[in-house]
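Working notes, beginning with the structure itself.
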Amino acid sequence: MNKVIKYVIIDILRSKIVLAYTLLLLIISFSVFSLEGNSTKGLLSLLNLILFIVPLVSIIFSTIYIYNSAEFIELLVSQPLKRKNIWSSLFSGLSVSLSLAFLVGTGLPIMFYEPSATGYVMVLVGCFLSVIFVGIAMLASVINRDKAKGIGAAILIWLYFALIFDGLVLFLLFQLSDYPLEKPMMIISGLNPIDLSRITVLLRLDESALMGYTGAVFKDFFGTNIGFITTLISLIIWILIPFAISLRRFKHKDL
Amino acid sequence: MIKLQNISKKFGKLKALDDVSIHFSKGECIALIGPNGCGKTTMIKSILGMAVPDSGQILFNDKNISPDWKYRSQIGYMPQIGRYPDNMNIGQVISMMKDIRHSDQLQLDEELIHNFELSKMLNKRLSTLSGGTRQKVSAVLAFLFNPEVLILDEPTAGLDPVSSEILKEKINKEKQKGKLILITSHVLSELDDLITQVVFMQDGKLKFHNTIEELKQETGEQKLSKAIAKIMLKEATHE
């Protein structure tokens, strides 16, 4: 299994896109921190950028990579290798290279400008998001045989999590504003890994005071250790479930 | 050695394989023939585990292949169209395959690399190769690990006469060693002297599975291609 991971990582590094992504993250991080005088404020601006860029790059790059590796996958499947190993190796290879790109591109500047617990939580959350969207991308590409359809699905999924979901939640809040929605909101935010990540980092910044009563309820839960651990567990579930479904599909796929 | 039991496979509405049962044993050299889209490649892919049949089972050395995967170390497969990762060169692909197949425990058969004179081209990228050269790479990989079973999908398509002759000689040599060889091909006359048995398929169904002698006797023809043509004609008039 490790051998296949090795070749996947070599292959990804050879395409240089991950390198460009790392550089992009480095430039964004350093410029955000040097534009904002206050590094906590810089962290907040960076958070919003990262929650947008990381899932997008992660899902699009992984989807395209899986489609472009169709030949490679076909070659491997006819060899004495377990399908499970091939698929897990692709997943691990993509996750490792994208997380590494994120660690270098954002982790380094954060270590340099804002080496606080909040900064490290943000780095952790970014790595989680990279891996989660690799998993979702693999699910999208195993379901659709057609490359254009698969990439379209990936973009839609990203759009849903990054924009549409928040819109729906806001709509729900306004419609049901007469009811106490703070507790159900916590569960609903667990349905979107991007929101979950945003809340986890925001509650560690002072800006959470601006979030009103909901913010206070959130802080009561997410701000505690149990809340943090619950968040991590939810993020891990977000990694495992899409990947497990894609693995099941891949095991029975005709190549 | 390989046993297919009531294998069926559908692609949408198309029945690629329709209740196929067949048995291949050691030392045979079998030609799998039939018109385009008759299910030859699907059958091969099912044996390799690349396509998953809807029903029926495939036994390799009396073991069901579906939970097993190690049996593939005994198969050398040469695909119809060899497709390889574009940004690797020939040498990298070969060494990757050696690495993946734990070749340190095996005796490697690098005869074809020399005969095809591939050693000069080892650092050529696969995306720049011609169809014929790709075909040579596929052949090298199929024979490299000294497998018990060789599955060759249109092996001579796209090869020049010299290389095609080299490959045929190699197939013959492996046949003498008592290996099971499965070949699909359209170019019948080329295979005349290699084959011991013929399997004819049409519309996903097995039409017949005969030895060459039986076939020649039945039709009274000496040439394989003519014998097949005669049988195909007979089938057509039956319908």
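Worth pointing out:
- Sequence-distant lysines (8 or more away, or on other chains) whose Cα lies within less than 23 Å of B:Lys223: B:Lys40, B:Lys168, B:Lys170, B:Lys173, B:Lys175, B:Lys207, B:Lys234
- Rounded tilt (10° steps) of B:131-144 against the dominant C-alpha axis of chain B: 90 degrees
- Springs between Cα atoms under 10 Å define the GNM used for chain A, and in it the highest mean-square fluctuation of A:Val217, A:Val57, A:Val125 occurs at A:Val217.
- Rounded tilt (10° steps) of B:224-238 against the dominant C-alpha axis of chain B: 40 degrees
- Between helix B:161-176 and chain B there is an angle of about 80 degrees, using the helix long axis and the longest principal axis of the Cα atoms.
- Area of B:Arg101 that stays accessible when all protein chains are in place (1.4 Å probe, Å², to 10): 20 Å²
- Whether chain B is rounded, prolate or oblate, judged on the alpha carbon gyration tensor where a/c under 1.5 counts as rounded: prolate
- Over the protein assembly as shown: helical MRE at 222 nm, DSSP H runs n ≥ 4 each giving -39500 (n - 2.57), nearest 500: -18500 deg cm²/dmol
- Across the protein assembly as shown, the fraction of Cα-Cα pairs farther apart than 39 Å, rounded to a whole number, is 39%.
- Among the lysines of the range A:2-251, pairs at least eight places apart or on separate chains and with Cα atoms under 23 Å apart come to 16.
- Of all the options B:Gly34, B:Gly220, B:Gly82, the one that moves most in a Gaussian network model of chain B with Cα springs shorter than 10 angstrom is B:Gly220.
- Heavy-atom surface analysis with a 1.4 Å probe gives the range A:2-251 a carbon and sulfur content of 71 percent of its accessible area.
- Cross-link partners for B:Lys15 among the aspartates and glutamates, with Cα-Cα distance under 16 Å and sequence neighbours closer than 8 places in the same chain left out: A:Asp254, B:Asp54, B:Asp203.
- Hull volume in cubic angstrom per residue (convex hull over the Cα atoms of the range A:2-251): 131 Å³
- Counting only DSSP beta bridges whose two residues both lie in the range B:2-238, roughly 55 percent are antiparallel.
- Residue mean of other protein chain beta carbons inside 10 Å, A:77-88: 5
- Helices that extend 30 Å or more along their long axis by alpha-carbon positions and average at least -0.5 on the Kyte-Doolittle scale are, among the DSSP H runs of chain A, A:39-68, A:117-143, A:225-251.
The values are calculated or read from the model by the stated rules, or taken from the named source; none is laboratory data. Keep in mind it's a predicted model, so treat the numbers as computed, not measured. So basically every Cβ, Gly included, is an ideal-geometry build from the backbone, and we count neighbours across all protein chains shown. Just so you know, the surface numbers come from the protein's heavy atoms only, side chains and all, with ligands and any DNA or RNA stripped out. Shrake-Rupley method; radii C 1.70, N 1.55, O 1.52, S 1.80 Å.
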